[in-house]
């Protein structure tokens, strides 16, 4: 059972910044917060991961407040190719398999 | 960039037949997984495999399913007697190079299984 809660869908115009927020109400001390992206007919793809504060890579930024009960994935200046389902997960540092929820379906409109 | 490869990309089989889905994980990874995704639904965990044995499995992974790592490179999922409801995209994933697991898994492109 997925431990996180996130909006089912979001729409955005090209060029805008998109922020997707996830609730991690049951996050454990050892859990990392991880986001995956899935394009239609493809497997999920790792985007970014953090434990707390802010992490940035070439794809996105991840904001995690001090209490770690939520996280926000920020996609700068989205394009049509960013249309995908985005999943947030709590993952512990051991060999616990990834458990995906329903994710947030982002639709980018021209 | 190394990737997980799956074959075939699409398989059609008759109900009751056995199918074997094949995966070649990334070569230095130690943890292997199978997931499935029924059309329009979420990605569901089936089984994880480490050190030549199943480390965890879901309720979906019943006696009709089995996994094997027959050599040093392949990782297979066998469905013994397929049912119509087994029709789905099956994803293989791998990750982790040490003995403490992984928080990042690399997924293959999937095998679309259609049971008729």
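Computed from the coordinates by the stated procedures, all read-outs in this text should not be read as laboratory data. It should be emphasised that the depicted structure is a prediction, and the values quoted were computed from it without experimental measurement. Ideal geometry is used to build each Cβ from the backbone, glycine not excepted, and the neighbour counts take in all protein chains shown.
Just a few scattered comments:
- Rough spin-label spacing in nm, given labels placed 7 Å along Cα→Cβ, for residue B:52 and residue A:74: 4.9 nm
- Shielding by partners - mean other protein chain Cβ count within 10 Å, residues of B:102-110: 6
- For the protein assembly as shown, the Kirkwood hydrodynamic radius comes to 18.2 Å, computed from all pairs of different C-alpha atoms.
- The Stokes-Einstein estimate for chain A, based on a Kirkwood radius over Cα pairs and taken at 10 °C with 1.306 mPa s viscosity, is a diffusion coefficient of 114 µm²/s.
- Counting beta carbons within 10 Å around each of A:89, A:80 and listing the fewest first gives the order A:80, A:89.
- Value of Rg to Rh for the stretch B:1-107, rounded to two decimals, is 0.95; Kirkwood radius and Rg both from alpha-carbon coordinates.
- Cα centroids of the stretch A:32-110 and the stretch B:25-77: 23 Å apart.
- Sorted fewest first by neighbouring Cβ atoms within 10 angstrom, A:13, A:32, B:31, A:86 come out as A:13, A:32, B:31, A:86.
- Beta bridges by DSSP in chain B, antiparallel share as percent, to the nearest 5: 90 percent
- Convex hull volume of the Cα atoms of the stretch A:1-45, normalised per residue: 129 Å³.
- Separation of the residue B:38 and residue A:107 label points, Cα + 7 Å toward Cβ, nm: 2.4 nm
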